[in-house]
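Input: a single structure, listed below in structure tokens.
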Amino acid sequence: MKLDSMYQEIILDHYRNPHGRGLRDPFEAEVHHVNPTCGDEVTVRVHLTGGEGRDAKVEDLSYDALGCSISQAATSVAHDLLVGHTVGEAFETLEAYQAMVQSRGKVEPDEDVLDDAVAFAGVAAYPARVKCALLGWLAFKDAVAQAQASQAQASAQTGGTA
Amino acid sequence: MTALASAPSAGATLDVAKIRADFPILSRTVRDDKPLVYLDSGATSQRPRQVLDAERTFLETSNAAVHRGAHALSEEATDAYESARERIAAFVGADVDEVVFTKNATEAINLVAYGMSNASVGDGVDAAAERFRLGPGDEVVTTEMEHHANLVPWQELCRRTGATLRWFSVTKDGRLDLENDPITERTKVVAFTHQSNVLGTVPPVEELVRRARAVGAYTVLDACQSVPHAPVDLHALGVDFAAFSGHKMLGPSGIGVLYGRRELLEALPPFLTGGSMIETVRMEGSTYAPPPARFEAGVPMTSQAIGLGAAVDYLNLIGMDAVKAHENELTGAALLKLQDLPGVSIIGPRSTEARGGAVAFEIEGIHPHDASQVLDDSGIAVRVGHHCAWPLHRAFGVQSSIRASFHVYNTLEEVDALVAGVRRAQEFFGVAP
Ligand SMILES: Cc1ncc(COP(=O)(O)O)c(C=O)c1O
């Protein structure tokens, strides 16, 4: 049954017991994303350390979310898969994940890259739910962009006065 | 119209099986051969063969640009278009020149808001339009239960003119709070729904019209969810403007109606301008045709108007009293049976008193999106989300809801299927009490 392929046990587990939930300090950027069709909301904070650009490390991804099981579980899995990696690695995972859920089933997911996130492959069969699966992930991407933009701005300013 | 010969006959009790046979889509299956249970007519209704045939016949025999040219097809097309206008006007108790065709209800409401906006800029358009001028100190009143289509245009009108938006709140049981009345001497417009697309609530139109008139404010009625489901007489209601969409009343999409009292349409500045809506055009400036032409710029949607005419004929043959009675029965059954389910709560009035056939509800422990996925898997189409009424959902402290809505082709068995589907969702997510 298709329904079971979408609501895999892994997804329901993450939904019932989300990993890394809650908004934490410190953080460099916080974003709030909404799914305008259903009103689901997520707030994501990122804490980056070390290098610049893609070399920076995702030290933490903390979040608060209101939404369906798919969007909640997807954000929980994002926390598991992205924290502890460089921004470059995290973006590669994100791209693979996005390609899978947007593929309408045409992209064979790479379990080595996506790990638990392969459970969301079933969502690809339901275009109306793709936004749910992406909500937290795209908020993360946006938060990293904002964090790095404000860091770049800050260093340009200190660079100017030094 | 030979196609109409096969339409259902009027009568106290509806022959739903016969009606359903007119709607080819209702016999299809979805999601691995499950019979379709279509409970989303509040979003858009399905169309009977008679409507599809009328459009096709028109396109195969008389298609031409209306109100242009003098050839045979152009005359036939214009006659067909204007005949549709006459039947649609009669259907809602309006005069023929009080009916303006628009793309949908959203455009119809925007037409009024932009007309008022145009009357408010600079020196306005002309002296007749002065009555619609808004500015700082003026107020527009709407309600917390509006569809975004009858809220955002007024927010924008206020922003452009410096007027202030006020609104009626909604009570816990899903009625308008008439005690706390925002209508004052400053009110210029009162815009409200004839039936909430979420709660099903039918506000007291006569009372609101009385209060608006007492302060000289114009009334704008969102009749999107009333005209398709019950007899509506706009003259008797006494509203100044009203809007509805073809696609919610068994007709085509791409056609909607703005009703305006003749005297007001004659004074309202145009919204969209260009061909067909003019009287004379010179490089220095132009004058405009009388309504309704003044508000129908460009080549209009033609087969859609003809299709809507056929939809109105179809509904008339059934009889709007019978449509209303049938939907009332379905709504009553859905309310009773859903309330009987542990963990399910209705958002909106719990009885059919002053209420139409939209039934919104929540299931404890299941997000509406997840519930609808299980319903969909059972072949049941319902709407989930905020149904373009976000402030209303906020007022009830919910993010989103599930909504079942009916039309004349739905059956009591489909209500039972919905109830069974809700049970299945509760079992699937392990929240069955
Ligand atoms: C009460 C109400 N008003 C306005 C609208 C807007 O109708 P349309 O999208 O056809 O313009 C709808 C449709 O969803 C509605 O239910």
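The values are calculated or read from the model by the stated rules, or taken from the named source; none is laboratory data. These figures come from a predicted structure and were not determined experimentally. Glycine also receives a Cβ, built like all others from the backbone with ideal geometry; neighbour counts cover every protein chain displayed.
Numerical summary
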| item | result |
| --- | --- |
| Members of segment B:119-143 found to be assigned to a helix (DSSP H, G or I) and either free of Cβ contacts under 8 Å to residues at least 24 places away in the same chain or farther than 25 Å from B:T184 by Cβ (or both), listed by number | B:A127, B:A128, B:E130 |
| Pair list, Cβ < 9 Å and 6+ apart or interchain, from segment B:192-204 residues that are more than 14 Å from chain A (Cβ to nearest Cβ) to residues that are basic (K, R) and within 11 Å of the ligand (Cβ to nearest atom) | B:N197/B:R403 |
| Hits in segment B:234-263 (condition: assigned to a helix (DSSP H, G or I), among the charged types (D, E, K, R) and touching a strand residue (DSSP E or B) at 6+ places or on another chain (Cβ under 8 Å)) | none |
| Selection from segment B:154-172 of residues that are under 24 Å from B:A358 (Cα atoms) and either free of Cβ contacts under 8 Å to residues at least 24 places away in the same chain or within 13 Å of the ligand (Cβ to nearest atom) (or both) | B:T171, B:K172 |
| Test set (1) over 18 Å from B:H367 (Cβ atoms); (2) among the hydrophobic types (A, V, I, L, M, F, W, C); (3) within 14 Å of another protein chain (Cβ to nearest Cβ) - A:I70 fails condition number | (1) |
| Hey, B:T302 surrounded by 23 or more Cβ atoms within 10 Å (Cβ to Cβ) and of a type in the set (S, T, Y) or not | yes |
| Pick from segment A:35-56, criterion farther than 13 Å from A:A143 by Cα and surrounded by 17 or more Cβ atoms within 10 Å (Cβ to Cβ), ranking: farthest from the other protein chains (Cβ to nearest Cβ) | A:A56 |
| Unique match (being among the hydrophobic types (A, V, I, L, M, F, W, C) and more than 15 Å from the ligand (Cβ to nearest atom)) among B:A108, B:A149, B:A129 | B:A129 |
| Residues satisfying the stated conditions in segment B:282-293, i.e. surrounded by 12 or more Cβ atoms within 10 Å (Cβ to Cβ) and in contact with a Ser or Thr (Cβ under 9 Å, 6 or more places away or on another chain) | B:S286, B:Y288, B:A289, B:A293 |
| Selection status of B:V152, crowded, with 21+ Cβ neighbours inside 10 Å and of a type in the set (V, I, T) | no |
| Restricting segment B:383-433 to residues that are among the hydroxyl-bearing types (S, T, Y) and in contact with a strand residue (DSSP E or B) (Cβ under 7 Å, 6 or more places away or on another chain), the residue that is nearest to the other protein chains (Cβ to nearest Cβ) | B:S400 |
| Counted residues, segment B:341-360 - those being surrounded by 18 or more Cβ atoms within 10 Å (Cβ to Cβ) and touching a Pro at 6+ places or on another chain (Cβ under 9 Å) | 1 |
| Where a residue in segment B:39-54 is within 14 Å of chain A (Cβ to nearest Cβ) and its partner, wherever it lies, is of a type in the set (D, E, K, R) and within 15 Å of the ligand (Cβ to nearest atom), with Cβ under 9 Å and at least six apart | B:D40/B:R383; B:D40/B:R403; B:A43/B:K248; B:A43/B:R383; B:A43/B:R403 |
| Every pair of residues 6+ apart whose Cβ atoms lie under 6 Å, when the first sits in segment A:48-69 and is charged (D, E, K, R) while the second is outside any loop (DSSP other than H, G, I, E, B) and surrounded by fewer than 19 Cβ atoms within 10 Å (Cβ to Cβ) | A:R54/A:G88; A:D55/A:T86; A:K57/A:T49; A:K57/A:T86; A:E59/A:T49; A:D64/A:T43 |
| Answer residue from segment B:165-203, given it is charged (D, E, K, R) and in a strand (DSSP E or B) and is surrounded by the fewest Cβ atoms within 10 Å (Cβ to Cβ) among those | B:R166 |
| Qualifying residue in segment B:82-94 (condition: modelled with pLDDT under 95 and either assigned to a loop (DSSP other than H, G, I, E, B) or polar (S, T, N, Q) (or both)) | no |
| Any hit, segment B:321-335, residues being surrounded by fewer than 20 Cβ atoms within 10 Å (Cβ to Cβ) and either closer than 25 Å to B:E60 by Cα or within 14 Å of chain A (Cβ to nearest Cβ) (or both) | no |
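Residues checked against (1) more than 27 Å from A:D110 (Cβ to Cβ); (2) modelled with pLDDT under 95:
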site	(1), (2)
A:F27	yes, no
A:E41	yes, yes
A:E52	yes, yes
A:V58	no, no
A:I70	no, yes
A:H79	no, no
A:G84	no, no
A:V87	no, no
A:A90	no, no
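One line per residue, one yes/no per condition, for (1) of a type in the set (S, T, N, Q); (2) within 11 Å of the ligand (Cβ to nearest atom):
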{"position": "B:G216", "(1), (2)": "no, no"}
{"position": "B:S226", "(1), (2)": "yes, yes"}
{"position": "B:P231", "(1), (2)": "no, no"}
{"position": "B:D240", "(1), (2)": "no, no"}
{"position": "B:M249", "(1), (2)": "no, yes"}
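Residues are listed down the side, and each one gets a yes or a no for (1) within 16 Å of the ligand (Cβ to nearest atom); (2) surrounded by fewer than 19 Cβ atoms within 10 Å (Cβ to Cβ):
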{"residue": "B:Q373", "(1), (2)": "no, no"}
{"residue": "B:S378", "(1), (2)": "no, no"}
{"residue": "B:H387", "(1), (2)": "yes, no"}
{"residue": "B:P391", "(1), (2)": "yes, yes"}
